[in-house]
Amino acid sequence: GAGVSQTPSNKVTEKGKYVELRCDPISGHTALYWYRQSLGQGPEFLIYFQGTGAADDSGLPNDRFFAVRPEGSVSTLKIQRTERGDSAVYLCASSPNTGQGRDGYTFGSGTRLTVV
Amino acid sequence: AQKITQTQPGMFVQEKEAVTLDCTYDTSDQSYGLFWYKQPSSGEMIFLIYQGSYDEQNATEGRYSLNFQKARKSANLVISASQLGDSAMYFCAMRPRGGSYIPTFGRGTSLIVHP
């Protein structure tokens, strides 16, 4: 696609429910990143994929969070037993290489998750 | 671990004037990359400019330039001839050269351009 697409753009869920957030990166981009942005904060790293594998998941806050990228393109961030503290904007970004380039990362518009 | 500090929570500038947004960073790496992103109210992060730690010249991209002072570990963004459309959040980020090359972002500075 022309840009990074994230769906849904908004998600409201009840505490304790399971949610899935989808990221469709730019075609051919091998590197994919998930970030979480709380109100008034900068993006906070969650997980990085290189191809199909999670190269670094050190930012996932706990085992309720999990992400996959089975075919090396679309990625899904999964949150189990959601808590009110999970409310934030979840951003996805992609890059055409291992992320060493000078061209920056292309971000999607994010998914605003609200847990009530 | 890397740390990015943006000390200005909010900045105001008159249209057509220049403004400097501050960014300092803390790293033990000698090789790294620095980025600035703009985030309008729509939420999307827009890449503005990149500076490599070994670049001999300060980066420039149109009205954006980077005042890079490696010894002071600062990478301030200068926006010349501000426009109303420049009103947004601005984030500084640093990417190490090594490991997973994952950028760390600062807390951001809100810029408001007055007519």
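None of the figures in this text is laboratory data; all of them are computed from the coordinates on show. Because the structure is a prediction, the values reported are computed rather than measured. Cβ sites come from the backbone with ideal geometry, for glycine too, and all protein chains shown count toward neighbours.
Here are the numbers for the structure shown:
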{"read-out": "Label-point gap, in nm, between residue A:15 and residue B:112 - each point 7 angstrom along Cα→Cβ", "value": "3.5 nm"}
{"read-out": "Pairwise label distance in nanometres, residue B:56 with residue B:42, each label 7 Å out on the Cα-Cβ vector", "value": "3.9 nm"}
{"read-out": "Efficiency of FRET between residue A:116 and residue A:68 - r from beta-carbon atoms, R0 35 angstrom, step 0.05", "value": "0.85"}
{"read-out": "The stretch A:12-57: projected area of the alpha-carbon convex hull, averaged over directions, in nm²", "value": "4.6 nm²"}
{"read-out": "Difference of contour (0.36 nm per residue) and Cα-Cα distance, residue A:76 to residue A:97", "value": "5.6 nm"}
{"read-out": "Summed residue charge, Cβ within 12 Å of residue B:7's Cβ, Lys/Arg positive, Asp/Glu negative", "value": "0"}
{"read-out": "Neighbour cut-off at most 14 other Cβ (10 Å), DSSP loop, GluC sites (Glu not before Pro), the stretch A:26-114", "value": "A:71, A:83"}
{"read-out": "Cleavage-rule hits, chymotrypsin sites (Phe, Trp or Tyr not before Pro), the stretch A:5-100, DSSP coil, Cβ neighbours within 10 Å at most 14", "value": "A:18"}
{"read-out": "Cα centroid separation - the stretch B:81-110 against the stretch B:1-28, whole Å", "value": "9 Å"}
{"read-out": "Only Lys, Arg (+1) and Asp, Glu (-1) charged, at Cβ; the stretch B:1-112 dipole about Cα centre in debye", "value": "260 debye"}
{"read-out": "Ellipsoid equivalent to the stretch B:14-82 - semi-axes via the Cα gyration tensor, in Å", "value": "22, 14, 11"}
{"read-out": "Residue B:11 paired with residue B:67, simple spin-label distance in nm, labels 7 Å along Cα-to-beta-carbon", "value": "0.9 nm"}
